[in-house]
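Notes follow once the structure below has been shown.
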Amino acid sequence: MSKQVPPHSLAEWIPNVSQLYKVLGDNTRLRILTLLLKRELNVSEICAQLGLEQSTVSHQLRVLRENHIVTNRREGKIVYYSLEDQHVRDILVETFTHVAHTAQE
């Protein structure tokens, strides 16, 4: 458990955790996040790699950004997206590791 969240107050965070997992429960968003695990990308690069429309990718990135899962930076007219922080990276890596581990049982 994190030292920042005392165990007696974990129940207070359940709605937030539920929202996080709801956002992460979408296949398209997970596909985008697996790309962003490797490096930052712009919308066009994500579209090309996933074969998705720009409007679809932009919508999903907005949801991810609003939920503090990805962040962005502007370079001229191009906006690059990356994972918000190490916590997000850890959640994704641990989740995929867990799924791969349980699939082998």
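The values are calculated or read from the model by the stated rules, or taken from the named source; none is laboratory data. None of the values given here were measured: they were computed from a predicted structure. No Cβ is skipped: glycine too gets one built from the backbone with ideal geometry, and neighbour counts run over all protein chains shown.
In segment 1-59, what residues are modelled with pLDDT of 95 or more and among the hydroxyl-bearing types (S, T, Y)? Matches in segment 1-59: S18, Y21, T28, T34, S44, S55, T56, S58. Scanning segment 28-65 for residues that are within 11 Å of the chain's Cα centre (by Cα), farther than 21 Å from D85 by Cβ and surrounded by fewer than 14 Cβ atoms within 10 Å (Cβ to Cβ) yields a count of 0. Scanning segment 84-96 turns up no residue that is of a type in the set (A, V, I, L, M, F, W, C) and in contact with a Lys or Arg (Cβ under 7 Å, 6 or more places away or on another chain).
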